[in-house]
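Trainee: Take this structure first; my questions come after.
Please treat every number below as a calculation from the coordinates, not as lab data. It should be emphasised that the depicted structure is a prediction, and the values quoted were computed from it without experimental measurement. All Cβ positions, even for glycine, are placed from backbone atoms using ideal geometry, and neighbour counts span all protein chains on display.
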């Protein structure tokens, strides 16, 4: 008996890093899947869109900060099977951006040191990314 393959969902995520070496986390608002979990800002890559262009768009829409594709450095990726889809999520690091992050979609934002990220419950796909940030920062 073979398993039915899950559709692949491509989502881009960004570790936005402030001058103090902290990373911005966003708490998923009530009513959304995985509500209450902390994640890196980002979102679904639209058809015909690159992950980098997606992040420039999502960071502006979700938290009101502007950056450029050239300011996004690929760090690692997550590959995780959820019940109804398989998530493929490249994680980029961004240290150069303008604007102060503001929660525009009902989420809570918090600047967190990478060594403290395990204190914030994260979705299963995000958690394995923490060691890469600890090593980098």
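Trainee: If I build a Gaussian network model for the chain, linking alpha-carbon pairs within less than 10 angstrom, which residue out of 34, 24, 72 has the largest mean-square fluctuation?
Mentor: 34
Trainee: Okay, moving on. Which one of 83, 46, 62 has the biggest mean-square fluctuation once the chain is modelled by GNM with Cα springs under 10 Å?
Mentor: Fluctuation is largest for 83.
Trainee: When a/c is below 1.5 the answer is rounded, else prolate if a/b is larger than b/c, else oblate, so apply that to region 27-119 with a ≥ b ≥ c taken from the square roots of the Cα gyration tensor eigenvalues.
Mentor: The shape class here is rounded.
Trainee: Is it possible to state the helix-based mean residue ellipticity at 222 nm for the chain, with each DSSP H run of 4+ residues giving -39500 (n - 2.57), the sum divided by total residues, to the nearest 500 deg cm²/dmol? What is it?
Mentor: -4500 deg cm²/dmol, from helical runs alone.
Trainee: Okay, next question. If I take every Cα pair under 8 Å that is 6 or more residues apart in region 8-136, average their sequence separation and divide by the length, what percent do I get for the relative contact order?
Mentor: With pairs under 8 Å counted, the relative contact order is 32 percent.
Trainee: Also, I was wondering about something else. Tell me the angle of helix 51-63 to the major Cα principal axis of the chain, expressed in degrees between 0 and 90 and rounded to the nearest ten.
Mentor: So the helix axis and the longest Cα principal axis differ by about 60 degrees.
Trainee: Counting only DSSP beta bridges with both residues in region 8-136, tell me the antiparallel percent, nearest 5.
Mentor: 75 percent
Trainee: How many nm separate the modelled label positions at residue 20 and residue 98, each set 7 Å beyond the Cα in the direction of the Cβ?
Mentor: 2.4 nm
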